[in-house]
Amino acid sequence: MSRTITLICFVWMLAILESSCGGGASTAPPPPAPPTTGTLPAYFGMHETNAAAHNWPSVGFGTFRTWDVYPHVSWADINTAKGIYDWTNLDNLVSLAQSHGVDLIYTFGRTPAWASSNPTGSCPSNPDGSCYPPSNQQDWKDFVAGITARYAGTIKYWELWNEPNASNFWTGTTAQMVTMAQDAYPIIKAGDSGAVVLTPAPQGTHAYKWMDEYLAAGGGAYADVVTFHGYLGSSNGVADPPENIASLIANMKGIMASYGQGSKELWDTEHSWGNDANLADQDHQAAWLARHVIVSWSTGVARSVWYLWDGADVGTLWDPVNGIHQAGRAYGEVYKWLVGSTLTAPCSMASDSTWTCFLTRASGSEAEIIWNSSGVTSAHTVSSPYTQYSDLLGNTFAVPANGSVMIGHAPLLFQAGGS
């Protein structure tokens, strides 16, 4: 998603030490060891623009994507002139990620003006020339070789471009993008045999159409993981239902299978409800986020990366004035629900729009997540094994003796007491 972010510059090392610069999350004791079975923390991913000013997010996650981070680490920001590299910002980001034990996805994008085939070409909300292919493919190869050699063993995941189906990020052809991948893949693998290469990540409900063209042109040979951005759009100024992600995932998987790529993991490396104005009520934001994450998990996405922890107006989970939002708290609660859990049966919708997901918790106990996507709140009779339920704010309640609980748009987790 296009972002123009102007933020106060702080030294990155302050973030590594987690001193307070802007009222973000306070220093916390080390988290417990992550589970080795069930859903892993890496399923949950996050973007943050300015960890130096805002501190590290206070919710659990295991994947951090570098796109739109500040200070910036794009190709244009690192490779400032031919043969000239400034690694300072990315060095600091790598150290910060390592200190929190999360995986980094480095996303390529933004061609430097000096290397661009159209240095003065307009790329809305991005630097001029940055959305055009390089004029000399060797410049691209040199950057890929330089960055992957420097971070071999510390950055494992390399995403080959951001939103190539959006003209403000890429004006070249799909065939040109395949050539970029064809050149980059062997360089990355030569530098680090354990590196994992991700496809370019198309965005939106038609992402699968771009991926169809890309795989038809041979792009699947140059990726270990297929990626997309699960933005679902809006209608009449209101974010479209998060359950629509299931159709997009099905379309992506169908395209992958048709080109022999069905065995590869599918990652959603950027998504949210979009502009905060499309979903202004915090309660609805929390419910939307939870349902998107849960349905994505149910339908087989291997990683789900939220955009954006500290965004000023896009998918905002935290801000420096009010702190964590309800949606941020919901993110943390769903993380607790799913990490270590195993999906027992995919989420399904009944005729009255009630969704039910069956899972086995890390303790081995059975649980259900239930909500209604129609906007209607109605009584639901809970299965007898379940004695308590939790909401997206972390509250836990006893199931009434008659088993009747009101179900609405916000998911609830039902389980036996002590699970």
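Could you grab me the full set of residues in segment 284-300 that are within 13 Å of the chain's Cα centre (by Cα) and in contact (Cβ under 8 Å) with a residue 60 or more places away in the chain?
Here is the first cut: in segment 284-300, the residues within 13 Å of the chain's Cα centre (by Cα) are 289, 292-293, 296-297.
His292, Val293, Ser296, Trp297, listed by residue number.
Please count how many residues of segment 392-419 are touching a Phe, Trp or Tyr at 6+ places or on another chain (Cβ under 8 Å), under 15 Å from Trp337 (Cα atoms) and surrounded by fewer than 17 Cβ atoms within 10 Å (Cβ to Cβ). Full working, then the answer.
Looking only at segment 392-419, we keep the residues that are touching a Phe, Trp or Tyr at 6+ places or on another chain (Cβ under 8 Å), and these are 396-397, 399, 405, 407-416.
Those left that are additionally under 15 Å from Trp337 (Cα atoms): 396, 410-416.
Then drop every residue that is not surrounded by fewer than 17 Cβ atoms within 10 Å (Cβ to Cβ), which leaves 396, 416.
Selection size over segment 392-419: 2.
For segment 42-67, a residue qualifies if it is of a type outside the set (Phe, Trp, Tyr) and either closer than 22 Å to Ala302 by Cβ or free of Cβ contacts under 8 Å to residues at least 12 places away in the same chain (or both), and the qualifying residues are Ala42, Gly45, Met46, His47, Glu48, Pro57, Val59, Gly60, Gly62, Thr63, Arg65, Thr66.
Within segment 73-88, being in contact with a Ser or Thr (Cβ under 9 Å, 6 or more places away or on another chain), within 26 Å of Val178 (Cα to Cα) and outside any helix (DSSP H, G or I) holds for Val73, Ser74. Here segment 89-131 is the region considered, the condition is being assigned to a loop (DSSP other than H, G, I, E, B) and among the charged types (D, E, K, R), and the residue that is nearest to Gln176 (Cα to Cα) is Arg110. Does Leu160 satisfy the criteria of being out of contact with any Lys or Arg (no Cβ under 6 Å at 6 or more places or on another chain), surrounded by 21 or more Cβ atoms within 10 Å (Cβ to Cβ) and more than 29 Å from Glu213 (Cα to Cα)? When the stated conditions are applied, Leu160 does not pass them.
Identify all residues within segment 106-128 that are buried (at least 16 other Cβ atoms within 10 Å of the Cβ) and farther than 16 Å from Ile78 by Cβ; write none if there are none. Result: Asn118, Pro119, Cys123. Go through (1) of a type in the set (Gly, Ala, Ser); (2) modelled with pLDDT of 95 or more; (3) surrounded by fewer than 18 Cβ atoms within 10 Å (Cβ to Cβ); (4) in contact with a helix residue (DSSP H, G or I) (Cβ under 9 Å, 6 or more places away or on another chain) for Ala312 and report which single condition fails. Checking Ala312 against (1) of a type in the set (Gly, Ala, Ser); (2) modelled with pLDDT of 95 or more; (3) surrounded by fewer than 18 Cβ atoms within 10 Å (Cβ to Cβ); (4) in contact with a helix residue (DSSP H, G or I) (Cβ under 9 Å, 6 or more places away or on another chain), the one that fails is (2). Would you call Met252 of a type in the set (A, V, I, L, M), crowded, with 21+ Cβ neighbours inside 10 Å, over 20 Å from His292 (Cβ atoms) and in the same structural domain as Trp267 (by TED's automatic domain parsing)? The answer is no for Met252. Per this entry, Leu343 is not counted among residues that are modelled with pLDDT of 95 or more and crowded, with 24+ Cβ neighbours inside 10 Å.
Taking the condition more than 23 Å from Gln326 (Cα to Cα), among the hydroxyl-bearing types (Ser, Thr, Tyr) and outside the structural domain of Ala286 (by TED's automatic domain parsing), does Thr381 pass? I'd like the intermediate steps shown before the answer.
Details: more than 23 Å from Gln326 (Cα to Cα): yes; among the hydroxyl-bearing types (Ser, Thr, Tyr): yes; outside the structural domain of Ala286 (by TED's automatic domain parsing): yes.
When the stated conditions are applied, Thr381 passes them.
In segment 77-117, the qualifying residues are those that are more than 18 Å from Thr154 (Cα to Cα) and of a type in the set (Val, Ile, Thr), and the one that is nearest to the chain's Cα centre (by Cα) is Thr111. Restricting Ser58, Ser74 to residues that are surrounded by fewer than 22 Cβ atoms within 10 Å (Cβ to Cβ), more than 13 Å from the chain's Cα centre (by Cα) and at pLDDT 95 or above narrows the list to Ser58.
Taking segment 68-87 as the range and being farther than 27 Å from Ala302 by Cα, in contact (Cβ under 8 Å) with a residue 40 or more places away in the chain and among the hydroxyl-bearing types (Ser, Thr, Tyr) as the test, only Tyr85 passes.
Take the residues of segment 222-239 that are touching a residue at least 24 places away in the same chain (Cβ under 8 Å) and farther than 18 Å from Trp267 by Cβ: which is surrounded by the fewest Cβ atoms within 10 Å (Cβ to Cβ)?
Just the residues of segment 222-239 that are touching a residue at least 24 places away in the same chain (Cβ under 8 Å), to begin with: 222-234, 237-239.
Imposing the further condition that a residue be farther than 18 Å from Trp267 by Cβ reduces the set to 233-234, 237-239.
Details: Gly233: 13, Ser234: 15, Gly237: 10, Val238: 13, Ala239: 24.
Ranking the candidates gives Gly237 first.
Scanning segment 275-295 for residues that are in a helix (DSSP H, G or I), out of contact with any helix residue (DSSP H, G or I) (no Cβ under 8 Å at 6 or more places or on another chain) and farther than 11 Å from Ala327 by Cα returns Ala277, Asn278.
The values are calculated or read from the model by the stated rules, or taken from the named source; none is laboratory data. It should be emphasised that the depicted structure is a prediction, and the values quoted were computed from it without experimental measurement. Positions of Cβ are backbone-derived with ideal geometry, glycine not excepted, and every protein chain shown enters the neighbour counts.
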